[in-house]
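Working notes, beginning with the structure itself.
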């Protein structure tokens, strides 16, 4: 059980590191996404730097300070923020570019179809390239 916990922690820290570094690398794209979600300009600029900082700090905390609780609390907070942003994007009723993993998220799409549904519609909504498809739609039926 301890080995599984270590592996999950390392994988989670890896995804957070990837997400944080990609947001730093493609910060303008991330700011465009935040603007499309309706955040006011001052909040866009603050979030554009606070989010990757929080992701990288949480990743470091998970690995370097496993006995402390703040990295797990920060991870839960990041999850809630991500879910809220996704819900807001779906509620807007128009596609909003996802920059959760920076520009690399678009690289996982093949031919305009999401890799989660190459043979047909998935049971849950998913991305079409790097955009939320909108309410009631999946990447395969947009």
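General remarks:
- Segments 43-52, 75-84 sorted - mean Cβ within 10 Å per residue, highest first: 43-52, 75-84
- Packing order of peptides 86-97, 17-28, 2-13, highest average first: 17-28, 86-97, 2-13 (average count of other Cβ atoms within 10 Å over each peptide's residues).
- For the pair residue 68 and residue 83, label points projected 7 Å from Cα toward Cβ lie 2.5 nm apart.
- Rounded to 0.05, the FRET efficiency of the residue 49 and residue 8 pair, given R0 = 25 Å and the Cβ-Cβ distance, is 0.35.
- At q = 0.24 Å⁻¹ the log10 of I(q)/I(0) for the range 2-95 amounts to -1.23, computed by Debye summation with a single uniform scatterer per C-alpha, solvent ignored.
Values in this text are rule-based calculations from the coordinates and carry no lab data. This is a predicted model, so every value here is computed, not measured. FYI the Cβ positions are ideal-geometry reconstructions off the backbone, even for glycines, and counts take in every protein chain you see.
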